[in-house]
């Protein structure tokens, strides 16, 4: 084998290794991550609720999809969980919510332990058969264990009426004999990613 060919092969192998290293995908650490939302009834009673099943997939170029299993809603009251699934989210027809967008890998790949960056993530939220563009301010922190912690610095205020959920809220009010359930729902997330 000639020397030029050996050099070309060496360059190819080196560039392939660098490419694979740079394309290391981030994976969601589900055991540490959480999504919560606040429901307000009777205008003064606020309760924190969760979704127990969700995932974030991210491509090498920063394209991501957050998928939430709406059947996993957890209000700590099983009867209420069933009502929310059946009458609000209508999970038989709309079992998932999705948030799709992108974030430039250059924002977080060069962070060192303890460093952070504030940015705004824009994307499309798909809920109850309706799509809307949204923007969420987030902080990204590089942790000592190598993980990335991503969380919203301001709760995203979801207007349920804008996603066709008004009838569901009215149904929940009627069943629970409540005079009011707030249609604006604050949502927060706290994600941990590892390579």
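Total residues in the stretch 153-195 satisfying the condition of being without any contact (Cβ under 8 Å) to a residue 60 or more places away in the chain, surrounded by 15 or more Cβ atoms within 10 Å (Cβ to Cβ) and either within 20 Å of residue 28 (Cβ to Cβ) or out of contact with any strand residue (DSSP E or B) (no Cβ under 7 Å at 6 or more places or on another chain) (or both): the figure is 1. What is the one condition in (1) surrounded by 12 or more Cβ atoms within 10 Å (Cβ to Cβ); (2) within 20 Å of residue 53 (Cα to Cα); (3) touching a residue at least 12 places away in the same chain (Cβ under 8 Å) that residue 86 does not satisfy? The number of the failed condition is (3). Any residue in the stretch 95-106 that is out of contact with any helix residue (DSSP H, G or I) (no Cβ under 7 Å at 6 or more places or on another chain), part of a helix (DSSP H, G or I), in contact (Cβ under 8 Å) with a residue 40 or more places away in the chain and surrounded by 14 or more Cβ atoms within 10 Å (Cβ to Cβ)? Taking every residue of the stretch 95-106 in turn, at least one turns out to be out of contact with any helix residue (DSSP H, G or I) (no Cβ under 7 Å at 6 or more places or on another chain), part of a helix (DSSP H, G or I), in contact (Cβ under 8 Å) with a residue 40 or more places away in the chain and surrounded by 14 or more Cβ atoms within 10 Å (Cβ to Cβ). Only one of the numbered conditions (1) buried (at least 16 other Cβ atoms within 10 Å of the Cβ); (2) in contact (Cβ under 8 Å) with a residue 24 or more places away in the chain; (3) closer than 20 Å to residue 159 by Cβ is not met by residue 47, and that is (1). For the condition free of Cβ contacts under 8 Å to residues at least 40 places away in the same chain, surrounded by 17 or more Cβ atoms within 10 Å (Cβ to Cβ), part of a strand (DSSP E or B) and within 12 Å of the chain's Cα centre (by Cα), what is the one hit in 150, 136? From the options 150, 136, the qualifying one is 136. Among the conditions (1) farther than 20 Å from residue 191 by Cα; (2) touching a helix residue (DSSP H, G or I) at 6+ places or on another chain (Cβ under 9 Å); (3) outside any helix (DSSP H, G or I), the only one that residue 125 does not satisfy is (1).
Of all residues in the stretch 119-131, at least one satisfies being at pLDDT 95 or above, under 20 Å from residue 30 (Cβ atoms) and surrounded by 15 or more Cβ atoms within 10 Å (Cβ to Cβ).
The values are calculated or read from the model by the stated rules, or taken from the named source; none is laboratory data. This one's a predicted model, so the numbers in the text were calculated from it and none came from an experiment. Please note: Cβ atoms are built from the backbone with ideal geometry, for glycine as well, and neighbour counts cover all protein chains shown.
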